2 protein chains.
Amino acid sequence: MGLNPEEMGKLDTVISTRRRIKRGAALFNTGDKFTSLYAVRSGFFKTCVTTADGRDQVTGFQMTGEIIGMDGIVSDRHSCDAIALEDAEVCVMPFDQVEELSREFTTLQHHVHKIMSREIVRDHSVMLLLGSMRAEERLAAFLLNLVQRLHARGFSQSELILRMTREEIGSYLGMKLETVSRTFSKFVEEGTIEVKQRYVHIKNTDALKQIVNPQSCR
Amino acid sequence: MGLNPEEMGKLDTVISTRRRIKRGAALFNTGDKFTSLYAVRSGFFKTCVTTADGRDQVTGFQMTGEIIGMDGIVSDRHSCDAIALEDAEVCVMPFDQVEELSREFTTLQHHVHKIMSREIVRDHSVMLLLGSMRAEERLAAFLLNLVQRLHARGFSQSELILRMTREEIGSYLGMKLETVSRTFSKFVEEGTIEVKQRYVHIKNTDALKQIVNPQSCR
DNA sequence: CGGAACATTGAGAGGGATCAATGGACGTGG
DNA sequence: CCACGTCCATTGATCCCTCTCAATGTTCCG
(Lines give C-alpha, C1' and ligand atoms only; values in the text may rest on other atoms or scores of the structure.)
Protein backbone atom coordinates (compact mmCIF):
# COMPACT_ATOMS: atom_id res chain seq x y z
CA MET A 1 0.00 0.00 0.00
CA GLY A 2 2.86 2.34 -0.74
CA LEU A 3 4.59 2.56 2.62
CA ASN A 4 8.36 2.74 2.95
CA PRO A 5 10.39 0.50 5.30
CA GLU A 6 10.36 2.99 8.16
CA GLU A 7 6.61 3.32 7.94
CA MET A 8 6.21 -0.44 7.76
CA GLY A 9 8.28 -0.81 10.87
CA LYS A 10 6.14 1.61 12.83
CA LEU A 11 3.01 0.00 11.53
CA ASP A 12 4.21 -3.38 12.73
CA THR A 13 4.32 -2.11 16.28
CA VAL A 14 0.68 -1.07 16.01
CA ILE A 15 -0.52 -4.40 14.73
CA SER A 16 1.64 -6.54 16.96
CA THR A 17 -1.28 -7.94 18.89
CA ARG A 18 -3.19 -10.85 17.51
CA ARG A 19 -6.40 -12.33 18.71
CA ARG A 20 -7.99 -15.69 17.97
CA ILE A 21 -11.74 -16.10 17.81
CA LYS A 22 -13.44 -19.46 17.79
CA ARG A 23 -16.21 -20.23 15.35
CA GLY A 24 -19.45 -18.78 16.66
CA ALA A 25 -17.74 -16.44 19.11
CA ALA A 26 -17.94 -12.66 19.01
CA LEU A 27 -15.02 -10.38 18.20
CA PHE A 28 -17.15 -7.68 19.80
CA ASN A 29 -20.80 -7.09 20.62
CA THR A 30 -23.14 -4.15 20.36
CA GLY A 31 -22.45 -1.78 23.22
CA ASP A 32 -18.86 -2.91 23.78
CA LYS A 33 -16.37 -0.13 24.32
CA PHE A 34 -14.60 0.78 21.08
CA THR A 35 -10.82 0.59 21.27
CA SER A 36 -9.51 -0.92 18.09
CA LEU A 37 -10.01 -1.73 14.47
CA TYR A 38 -9.43 -5.34 13.47
CA ALA A 39 -7.85 -6.69 10.31
CA VAL A 40 -8.94 -10.20 9.46
CA ARG A 41 -5.86 -12.42 9.09
CA SER A 42 -7.71 -15.67 8.60
CA GLY A 43 -11.25 -16.91 8.92
CA PHE A 44 -14.55 -15.35 8.07
CA PHE A 45 -16.83 -12.94 9.93
CA LYS A 46 -20.29 -11.53 9.77
CA THR A 47 -21.41 -8.23 11.28
CA CYS A 48 -25.02 -7.70 12.26
CA VAL A 49 -27.22 -5.09 13.87
CA THR A 50 -30.13 -5.96 16.11
CA THR A 51 -33.39 -4.16 16.79
CA ALA A 52 -35.03 -3.75 20.16
CA ASP A 53 -37.63 -6.35 19.22
CA GLY A 54 -35.11 -9.00 18.32
CA ARG A 55 -34.96 -8.81 14.55
CA ASP A 56 -31.51 -8.64 13.18
CA GLN A 57 -29.85 -7.82 9.93
CA VAL A 58 -26.50 -9.04 8.69
CA THR A 59 -24.72 -5.93 7.43
CA GLY A 60 -21.70 -7.63 5.92
CA PHE A 61 -19.39 -10.60 5.59
CA GLN A 62 -15.66 -10.00 6.06
CA MET A 63 -12.80 -12.14 4.84
CA THR A 64 -9.00 -12.06 5.03
CA GLY A 65 -7.54 -8.60 4.69
CA GLU A 66 -10.76 -6.75 5.39
CA ILE A 67 -11.22 -4.32 8.27
CA ILE A 68 -13.86 -4.59 10.99
CA GLY A 69 -14.90 -2.17 13.70
CA MET A 70 -15.28 1.25 12.09
CA ASP A 71 -18.85 1.43 13.35
CA GLY A 72 -17.49 2.06 16.84
CA ILE A 73 -15.63 5.30 16.22
CA VAL A 74 -18.57 7.67 16.24
CA SER A 75 -19.93 6.88 19.67
CA ASP A 76 -16.97 5.12 21.26
CA ARG A 77 -19.08 1.99 21.44
CA HIS A 78 -19.76 -0.67 18.87
CA SER A 79 -23.15 -0.54 17.22
CA CYS A 80 -23.10 -4.05 15.83
CA ASP A 81 -21.94 -7.58 16.62
CA ALA A 82 -18.98 -9.14 14.84
CA ILE A 83 -19.22 -12.93 14.85
CA ALA A 84 -16.67 -15.43 13.54
CA LEU A 85 -18.24 -17.88 11.09
CA GLU A 86 -15.17 -20.11 11.35
CA ASP A 87 -12.14 -20.16 13.60
CA ALA A 88 -10.40 -16.89 12.89
CA GLU A 89 -7.50 -14.67 13.73
CA VAL A 90 -7.38 -10.89 13.63
CA CYS A 91 -4.77 -8.18 14.03
CA VAL A 92 -5.79 -5.79 16.77
CA MET A 93 -5.09 -2.18 15.81
CA PRO A 94 -5.66 0.16 18.76
CA PHE A 95 -7.37 3.13 17.20
CA ASP A 96 -5.55 5.82 19.15
CA GLN A 97 -2.30 4.43 17.80
CA VAL A 98 -3.74 4.36 14.30
CA GLU A 99 -4.65 8.01 14.65
CA GLU A 100 -1.25 8.87 16.07
CA LEU A 101 0.62 7.21 13.23
CA SER A 102 -1.79 8.73 10.70
CA ARG A 103 -0.66 12.17 11.79
CA GLU A 104 2.90 11.17 11.06
CA PHE A 105 2.47 9.38 7.74
CA THR A 106 0.21 10.93 5.16
CA THR A 107 0.16 7.66 3.22
CA LEU A 108 -1.31 5.83 6.17
CA GLN A 109 -3.70 8.68 6.89
CA HIS A 110 -5.06 8.57 3.39
CA HIS A 111 -5.24 4.80 3.52
CA VAL A 112 -7.44 4.93 6.62
CA HIS A 113 -9.73 7.42 4.91
CA LYS A 114 -9.95 5.19 1.88
CA ILE A 115 -10.88 2.16 3.94
CA MET A 116 -13.73 4.04 5.57
CA SER A 117 -14.87 5.47 2.26
CA ARG A 118 -14.82 2.00 0.71
CA GLU A 119 -17.10 0.78 3.46
CA ILE A 120 -19.52 3.63 2.75
CA VAL A 121 -19.55 2.88 -0.97
CA ARG A 122 -20.04 -0.82 -0.28
CA ASP A 123 -22.98 -0.04 2.01
CA HIS A 124 -24.55 2.08 -0.71
CA SER A 125 -24.39 -0.79 -3.16
CA VAL A 126 -26.05 -3.05 -0.61
CA MET A 127 -28.77 -0.43 -0.21
CA LEU A 128 -29.25 -0.55 -3.97
CA LEU A 129 -29.50 -4.31 -3.82
CA LEU A 130 -31.99 -4.30 -0.93
CA GLY A 131 -34.00 -1.43 -2.29
CA SER A 132 -34.44 -2.31 -5.90
CA MET A 133 -33.57 -5.91 -6.73
CA ARG A 134 -35.64 -9.05 -6.74
CA ALA A 135 -34.62 -12.30 -5.06
CA GLU A 136 -32.79 -13.80 -8.04
CA GLU A 137 -30.90 -10.61 -8.70
CA ARG A 138 -29.88 -10.33 -5.06
CA LEU A 139 -28.55 -13.84 -4.84
CA ALA A 140 -26.75 -13.58 -8.18
CA ALA A 141 -25.13 -10.31 -7.13
CA PHE A 142 -24.16 -11.87 -3.82
CA LEU A 143 -22.50 -14.90 -5.41
CA LEU A 144 -20.64 -12.78 -7.95
CA ASN A 145 -19.39 -10.46 -5.23
CA LEU A 146 -18.23 -13.33 -3.01
CA VAL A 147 -16.42 -15.19 -5.76
CA GLN A 148 -14.78 -12.01 -7.00
CA ARG A 149 -13.40 -11.25 -3.55
CA LEU A 150 -12.22 -14.83 -3.14
CA HIS A 151 -10.58 -14.77 -6.54
CA ALA A 152 -8.69 -11.63 -5.54
CA ARG A 153 -7.28 -13.75 -2.70
CA GLY A 154 -6.08 -16.50 -4.98
CA PHE A 155 -9.09 -18.80 -4.86
CA SER A 156 -11.10 -20.14 -7.73
CA GLN A 157 -13.25 -17.93 -9.95
CA SER A 158 -15.93 -20.54 -10.18
CA GLU A 159 -15.98 -22.58 -6.98
CA LEU A 160 -16.56 -21.57 -3.40
CA ILE A 161 -17.53 -22.83 0.00
CA LEU A 162 -20.14 -20.73 1.73
CA ARG A 163 -19.16 -19.99 5.30
CA MET A 164 -22.64 -18.83 6.29
CA THR A 165 -26.04 -20.49 6.59
CA ARG A 166 -28.98 -19.89 4.26
CA GLU A 167 -30.54 -17.87 7.04
CA GLU A 168 -27.51 -15.56 7.28
CA ILE A 169 -27.46 -15.13 3.52
CA GLY A 170 -31.15 -14.34 3.69
CA SER A 171 -30.68 -11.81 6.45
CA TYR A 172 -27.97 -10.07 4.47
CA LEU A 173 -30.05 -10.06 1.28
CA GLY A 174 -33.35 -9.16 2.91
CA MET A 175 -35.09 -12.44 2.19
CA LYS A 176 -36.19 -15.52 4.10
CA LEU A 177 -34.04 -18.63 4.20
CA GLU A 178 -36.62 -20.61 2.24
CA THR A 179 -36.47 -18.09 -0.56
CA VAL A 180 -32.68 -18.31 -0.59
CA SER A 181 -32.91 -22.09 -0.86
CA ARG A 182 -35.53 -21.96 -3.61
CA THR A 183 -33.51 -19.44 -5.56
CA PHE A 184 -30.43 -21.64 -5.34
CA SER A 185 -32.55 -24.52 -6.63
CA LYS A 186 -33.79 -22.36 -9.50
CA PHE A 187 -30.24 -21.53 -10.55
CA VAL A 188 -29.37 -25.22 -10.41
CA GLU A 189 -32.37 -26.15 -12.59
CA GLU A 190 -31.29 -23.56 -15.12
CA GLY A 191 -27.81 -25.05 -15.17
CA THR A 192 -26.19 -21.82 -13.97
CA ILE A 193 -24.65 -23.28 -10.83
CA GLU A 194 -24.15 -26.54 -8.99
CA VAL A 195 -24.89 -26.64 -5.28
CA LYS A 196 -24.11 -29.23 -2.69
CA GLN A 197 -24.86 -27.76 0.70
CA ARG A 198 -22.25 -25.10 1.30
CA TYR A 199 -20.30 -25.91 -1.83
CA VAL A 200 -21.20 -23.84 -4.91
CA HIS A 201 -19.83 -24.22 -8.41
CA ILE A 202 -20.61 -21.40 -10.79
CA LYS A 203 -20.95 -23.00 -14.21
CA ASN A 204 -22.06 -19.91 -16.08
CA THR A 205 -20.83 -16.60 -14.73
CA ASP A 206 -22.33 -14.65 -17.63
CA ALA A 207 -25.77 -15.98 -16.83
CA LEU A 208 -25.43 -14.65 -13.28
CA LYS A 209 -24.26 -11.29 -14.58
CA GLN A 210 -27.22 -11.29 -16.93
CA ILE A 211 -29.56 -11.80 -13.99
CA VAL A 212 -28.03 -8.98 -11.96
CA ASN A 213 -28.00 -6.60 -14.85
CA PRO A 214 -30.81 -7.40 -17.28
CA GLN A 215 -30.19 -5.98 -20.73
CA SER A 216 -27.35 -3.61 -20.15
CA CYS A 217 -27.36 -3.71 -23.95
CA ARG A 218 -28.88 -0.33 -24.29
CA MET B 1 -16.94 20.55 18.38
CA GLY B 2 -14.21 21.30 20.87
CA LEU B 3 -11.79 23.35 18.80
CA ASN B 4 -9.84 26.26 20.25
CA PRO B 5 -9.65 29.73 18.58
CA GLU B 6 -6.45 28.96 16.70
CA GLU B 7 -7.91 25.79 15.31
CA MET B 8 -11.10 27.60 14.38
CA GLY B 9 -9.10 30.18 12.50
CA LYS B 10 -7.24 27.58 10.48
CA LEU B 11 -10.46 25.76 9.83
CA ASP B 12 -12.02 28.94 8.50
CA THR B 13 -9.39 29.12 5.79
CA VAL B 14 -10.32 25.60 4.66
CA ILE B 15 -14.00 26.27 4.40
CA SER B 16 -13.73 29.74 2.91
CA THR B 17 -15.27 28.74 -0.40
CA ARG B 18 -19.00 28.58 -0.76
CA ARG B 19 -21.02 27.21 -3.59
CA ARG B 20 -24.66 27.73 -4.48
CA ILE B 21 -26.69 24.97 -6.11
CA LYS B 22 -30.06 25.56 -7.68
CA ARG B 23 -32.95 23.24 -6.99
CA GLY B 24 -32.65 20.19 -9.20
CA ALA B 25 -28.99 20.80 -9.99
CA ALA B 26 -26.17 18.46 -9.06
CA LEU B 27 -23.47 19.23 -6.52
CA PHE B 28 -21.57 16.40 -8.19
CA ASN B 29 -22.33 13.42 -10.38
CA THR B 30 -21.15 9.83 -10.48
CA GLY B 31 -17.73 9.72 -12.08
CA ASP B 32 -16.82 13.31 -11.23
CA LYS B 33 -13.31 13.80 -9.90
CA PHE B 34 -13.28 13.88 -6.11
CA THR B 35 -11.70 16.98 -4.65
CA SER B 36 -13.72 18.09 -1.67
CA LEU B 37 -16.18 17.29 1.01
CA TYR B 38 -19.20 19.55 1.26
CA ALA B 39 -20.97 20.80 4.36
CA VAL B 40 -24.58 21.74 3.75
CA ARG B 41 -25.15 25.33 4.91
CA SER B 42 -28.70 25.63 3.72
CA GLY B 43 -31.09 23.66 1.58
CA PHE B 44 -31.67 19.98 1.20
CA PHE B 45 -29.95 17.27 -0.84
CA LYS B 46 -30.42 13.70 -1.90
CA THR B 47 -27.66 11.31 -2.90
CA CYS B 48 -28.37 8.42 -5.23
CA VAL B 49 -26.57 5.60 -6.95
CA THR B 50 -27.51 4.37 -10.40
CA THR B 51 -27.22 0.94 -12.00
CA ALA B 52 -26.12 0.24 -15.56
CA ASP B 53 -29.70 -0.54 -16.51
CA GLY B 54 -31.09 2.72 -15.26
CA ARG B 55 -32.54 1.80 -11.91
CA ASP B 56 -31.53 4.09 -9.13
CA GLN B 57 -31.60 4.15 -5.40
CA VAL B 58 -31.66 7.17 -3.13
CA THR B 59 -29.00 6.47 -0.50
CA GLY B 60 -29.68 9.44 1.73
CA PHE B 61 -31.17 12.86 2.34
CA GLN B 62 -28.88 15.55 3.74
CA MET B 63 -29.85 18.71 5.57
CA THR B 64 -28.05 21.68 7.10
CA GLY B 65 -24.85 20.76 8.88
CA GLU B 66 -24.47 17.35 7.29
CA ILE B 67 -21.49 16.32 5.19
CA ILE B 68 -21.65 15.06 1.61
CA GLY B 69 -18.99 13.53 -0.61
CA MET B 70 -17.20 10.88 1.44
CA ASP B 71 -18.05 8.29 -1.21
CA GLY B 72 -15.41 9.85 -3.45
CA ILE B 73 -12.34 9.28 -1.29
CA VAL B 74 -11.77 5.61 -2.04
CA SER B 75 -11.45 5.84 -5.81
CA ASP B 76 -10.82 9.56 -6.28
CA ARG B 77 -14.12 9.74 -8.13
CA HIS B 78 -17.63 10.13 -6.86
CA SER B 79 -19.74 6.99 -6.93
CA CYS B 80 -23.09 8.70 -6.56
CA ASP B 81 -24.99 11.82 -7.57
CA ALA B 82 -25.72 14.60 -5.09
CA ILE B 83 -28.79 16.59 -6.14
CA ALA B 84 -30.20 19.70 -4.48
CA LEU B 85 -33.90 19.27 -3.66
CA GLU B 86 -34.20 23.01 -3.05
CA ASP B 87 -31.91 25.97 -3.64
CA ALA B 88 -28.93 25.28 -1.47
CA GLU B 89 -25.55 26.48 -0.35
CA VAL B 90 -22.57 24.38 0.69
CA CYS B 91 -19.15 24.98 2.17
CA VAL B 92 -16.49 23.49 -0.06
CA MET B 93 -13.79 21.72 1.96
CA PRO B 94 -10.89 20.64 -0.26
CA PHE B 95 -10.02 17.21 1.03
CA ASP B 96 -6.24 17.57 0.81
CA GLN B 97 -6.53 20.58 3.11
CA VAL B 98 -8.77 18.64 5.44
CA GLU B 99 -6.16 15.92 5.62
CA GLU B 100 -3.37 18.42 6.13
CA LEU B 101 -5.12 20.14 9.02
CA SER B 102 -6.11 16.78 10.47
CA ARG B 103 -2.46 15.93 10.86
CA GLU B 104 -1.99 19.12 12.85
CA PHE B 105 -5.04 18.99 15.08
CA THR B 106 -5.99 15.72 16.68
CA THR B 107 -9.42 17.10 17.53
CA LEU B 108 -10.18 17.72 13.88
CA GLN B 109 -8.68 14.39 12.89
CA HIS B 110 -10.92 12.53 15.27
CA HIS B 111 -13.88 14.59 14.16
CA VAL B 112 -13.35 13.55 10.55
CA HIS B 113 -13.17 9.91 11.59
CA LYS B 114 -16.36 10.29 13.57
CA ILE B 115 -18.21 11.80 10.64
CA MET B 116 -17.27 8.89 8.42
CA SER B 117 -18.10 6.37 11.12
CA ARG B 118 -21.48 8.03 11.64
CA GLU B 119 -22.23 7.61 7.95
CA ILE B 120 -21.35 3.91 8.17
CA VAL B 121 -23.61 3.41 11.18
CA ARG B 122 -26.42 5.30 9.48
CA ASP B 123 -26.07 3.13 6.38
CA HIS B 124 -26.30 0.02 8.54
CA SER B 125 -29.56 1.19 10.03
CA VAL B 126 -30.92 1.81 6.54
CA MET B 127 -29.88 -1.72 5.62
CA LEU B 128 -31.84 -2.94 8.62
CA LEU B 129 -34.83 -0.95 7.46
CA LEU B 130 -34.61 -2.20 3.88
CA GLY B 131 -33.86 -5.76 4.85
CA SER B 132 -36.35 -6.47 7.56
CA MET B 133 -39.14 -3.91 7.80
CA ARG B 134 -42.53 -3.75 6.11
CA ALA B 135 -43.88 -0.72 4.32
CA GLU B 136 -45.57 0.87 7.32
CA GLU B 137 -42.55 0.37 9.52
CA ARG B 138 -40.26 1.90 6.93
CA LEU B 139 -42.34 5.00 6.45
CA ALA B 140 -42.85 5.44 10.20
CA ALA B 141 -39.11 5.11 10.81
CA PHE B 142 -38.44 7.56 8.00
CA LEU B 143 -40.80 10.20 9.38
CA LEU B 144 -39.46 9.83 12.92
CA ASN B 145 -35.88 10.14 11.68
CA LEU B 146 -36.65 13.23 9.61
CA VAL B 147 -38.55 15.05 12.32
CA GLN B 148 -35.89 14.20 14.88
CA ARG B 149 -33.15 15.69 12.72
CA LEU B 150 -35.27 18.76 12.02
CA HIS B 151 -36.02 19.18 15.71
CA ALA B 152 -32.29 19.10 16.46
CA ARG B 153 -32.07 22.10 14.11
CA GLY B 154 -34.72 24.05 15.97
CA PHE B 155 -37.77 23.06 13.95
CA SER B 156 -40.99 21.55 15.20
CA GLN B 157 -41.16 18.07 16.68
CA SER B 158 -44.48 17.42 15.04
CA GLU B 159 -44.66 19.33 11.77
CA LEU B 160 -42.53 19.15 8.68
CA ILE B 161 -42.42 19.95 5.01
CA LEU B 162 -41.12 17.13 2.88
CA ARG B 163 -38.56 18.35 0.39
CA MET B 164 -38.71 15.21 -1.71
CA THR B 165 -41.36 13.57 -3.87
CA ARG B 166 -43.20 10.35 -3.05
CA GLU B 167 -41.06 8.66 -5.65
CA GLU B 168 -37.84 9.77 -3.95
CA ILE B 169 -39.14 8.63 -0.58
CA GLY B 170 -40.05 5.33 -2.21
CA SER B 171 -36.64 4.93 -3.74
CA TYR B 172 -34.98 5.56 -0.39
CA LEU B 173 -37.30 3.15 1.42
CA GLY B 174 -37.30 0.46 -1.24
CA MET B 175 -40.95 0.79 -2.16
CA LYS B 176 -43.01 2.16 -5.05
CA LEU B 177 -44.45 5.65 -4.93
CA GLU B 178 -48.00 4.26 -4.91
CA THR B 179 -47.19 2.27 -1.80
CA VAL B 180 -45.74 5.37 -0.15
CA SER B 181 -48.92 7.26 -0.93
CA ARG B 182 -51.17 4.47 0.29
CA THR B 183 -49.19 4.15 3.50
CA PHE B 184 -49.49 7.88 4.14
CA SER B 185 -53.24 7.54 3.62
CA LYS B 186 -53.37 4.64 6.04
CA PHE B 187 -51.64 6.69 8.75
CA VAL B 188 -54.10 9.51 8.11
CA GLU B 189 -57.10 7.18 8.42
CA GLU B 190 -55.72 5.92 11.71
CA GLY B 191 -55.39 9.49 12.93
CA THR B 192 -51.64 9.21 13.43
CA ILE B 193 -50.71 11.99 11.06
CA GLU B 194 -52.20 14.73 8.89
CA VAL B 195 -50.96 15.10 5.35
CA LYS B 196 -51.49 17.86 2.85
CA GLN B 197 -49.13 17.28 -0.03
CA ARG B 198 -45.64 17.91 1.24
CA TYR B 199 -46.86 19.13 4.61
CA VAL B 200 -46.99 16.49 7.35
CA HIS B 201 -48.28 16.91 10.90
CA ILE B 202 -47.47 14.11 13.29
CA LYS B 203 -50.39 13.92 15.69
CA ASN B 204 -49.28 10.82 17.56
CA THR B 205 -45.55 10.23 17.76
CA ASP B 206 -45.97 7.23 20.04
CA ALA B 207 -48.17 5.50 17.51
CA LEU B 208 -45.40 5.87 14.93
CA LYS B 209 -42.83 4.53 17.37
CA GLN B 210 -45.16 1.64 18.08
CA ILE B 211 -45.27 0.82 14.38
CA VAL B 212 -41.49 0.90 14.00
CA ASN B 213 -40.91 -1.16 17.09
CA PRO B 214 -43.83 -3.47 17.75
CA GLN B 215 -43.98 -4.64 21.36
CA SER B 216 -40.63 -3.58 22.68
CA CYS B 217 -42.41 -4.38 25.91
CA ARG B 218 -40.35 -7.50 26.40
C1' DC C 1 -25.41 -43.87 16.78
C1' DG C 2 -28.64 -40.38 17.80
C1' DG C 3 -29.84 -35.66 18.19
C1' DA C 4 -29.55 -30.98 16.76
C1' DA C 5 -28.77 -27.79 13.36
C1' DC C 6 -29.27 -26.84 8.67
C1' DA C 7 -31.43 -27.37 4.08
C1' DT C 8 -35.03 -28.55 0.78
C1' DT C 9 -39.59 -28.61 -0.97
C1' DG C 10 -44.69 -28.01 -1.01
C1' DA C 11 -49.12 -25.53 -0.42
C1' DG C 12 -51.42 -21.51 0.58
C1' DA C 13 -51.80 -16.56 1.91
C1' DG C 14 -50.76 -11.82 1.73
C1' DG C 15 -48.21 -7.53 0.99
C1' DG C 16 -46.60 -4.76 -2.28
C1' DA C 17 -46.00 -4.14 -7.41
C1' DT C 18 -48.13 -3.08 -11.56
C1' DC C 19 -51.31 -0.99 -14.64
C1' DA C 20 -54.53 2.54 -15.15
C1' DA C 21 -57.33 6.57 -14.47
C1' DT C 22 -58.33 10.82 -12.02
C1' DG C 23 -57.38 14.82 -9.33
C1' DG C 24 -54.41 18.80 -7.56
C1' DA C 25 -50.64 21.96 -7.38
C1' DC C 26 -47.32 24.74 -9.41
C1' DG C 27 -44.96 27.63 -12.60
C1' DT C 28 -44.50 29.52 -17.06
C1' DG C 29 -45.95 32.39 -20.57
C1' DG C 30 -49.54 34.74 -22.88
C1' DC D 1 -53.68 37.38 -13.53
C1' DC D 2 -55.47 33.58 -15.64
C1' DA D 3 -54.97 29.44 -18.66
C1' DC D 4 -52.68 25.65 -19.69
C1' DG D 5 -49.43 22.05 -19.44
C1' DT D 6 -46.54 19.42 -16.62
C1' DC D 7 -45.37 17.27 -12.67
C1' DC D 8 -46.89 15.16 -8.62
C1' DA D 9 -50.18 12.60 -5.71
C1' DT D 10 -54.13 9.66 -4.85
C1' DT D 11 -56.95 5.70 -5.41
C1' DG D 12 -58.71 1.35 -7.50
C1' DA D 13 -58.28 -3.40 -9.43
C1' DT D 14 -55.53 -7.16 -10.28
C1' DC D 15 -51.47 -10.05 -10.22
C1' DC D 16 -47.33 -12.07 -8.64
C1' DC D 17 -43.39 -12.60 -5.79
C1' DT D 18 -42.07 -13.67 -1.50
C1' DC D 19 -43.49 -14.97 3.17
C1' DT D 20 -45.49 -18.22 6.17
C1' DC D 21 -46.47 -22.64 7.91
C1' DA D 22 -45.39 -27.34 7.60
C1' DA D 23 -43.21 -31.70 6.65
C1' DT D 24 -39.21 -34.20 5.25
C1' DG D 25 -34.40 -34.92 4.30
C1' DT D 26 -29.41 -34.28 5.09
C1' DT D 27 -25.18 -33.32 7.46
C1' DC D 28 -22.38 -32.76 11.25
C1' DC D 29 -20.79 -33.54 15.78
C1' DG D 30 -20.80 -35.13 20.45
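The values are calculated or read from the model by the stated rules, or taken from the named source; none is laboratory data. Note that the structure is predicted; figures quoted are calculated from it, not measured. All Cβ positions, glycine included, derive from the backbone under ideal geometry; neighbour counts span all protein chains shown.
General remarks:
- So residue A:133, is it within 12 Å of DNA strand C (Cβ to nearest atom), out of contact with any helix residue (DSSP H, G or I) (no Cβ under 6 Å at 6 or more places or on another chain), at pLDDT 95 or above and within 14 Å of another protein chain (Cβ to nearest Cβ): yes
- Of all the numbered requirements in (1) modelled with pLDDT under 95; (2) touching a strand residue (DSSP E or B) at 6+ places or on another chain (Cβ under 6 Å), residue A:105 misses one, and that requirement is (2).
- Considering residues of region B:139-163 that are aliphatic (A, V, I, L, M) and within 14 Å of DNA strand C (Cβ to nearest atom) only, the residue farthest from residue B:45 (Cα to Cα): B:140
- Complete set of residues in region B:87-130 that are under 19 Å from residue A:127 (Cβ atoms), of a type in the set (Lys, Arg) and at the interface with chain A (Cβ under 7 Å from one of its Cβ atoms): B:118
- Some residue of region A:11-22 being surrounded by 19 or more Cβ atoms within 10 Å (Cβ to Cβ) and farther than 20 Å from residue A:103 by Cα: yes
- For region B:39-89, the set of residues classified as more than 22 Å from residue B:176 (Cα to Cα), in contact (Cβ under 8 Å) with a residue 24 or more places away in the chain and either in contact with a Pro (Cβ under 8 Å, 6 or more places away or on another chain) or in a loop (DSSP other than H, G, I, E, B) (or both) consists of B:63, B:64, B:65, B:66, B:69, B:73, B:75, B:76, B:78, B:79, listed by residue number.
- Residue selected from region B:169-180 under the condition closer than 14 Å to residue A:127 by Cβ and touching a residue at least 40 places away in the same chain (Cβ under 8 Å), by the criterion farthest from DNA strand C (Cβ to nearest atom): B:172
- Screening region B:182-216 for residues that are of a type in the set (D, E, K, R) and within 13 Å of DNA strand C (Cβ to nearest atom) and picking the one that is surrounded by the fewest Cβ atoms within 10 Å (Cβ to Cβ) gives B:196.
- Restricted to region A:136-163, and to residues there that are within 15 Å of the chain's Cα centre (by Cα) and basic (Lys, Arg), the residue that is nearest to residue A:213 (Cα to Cα) is A:149.
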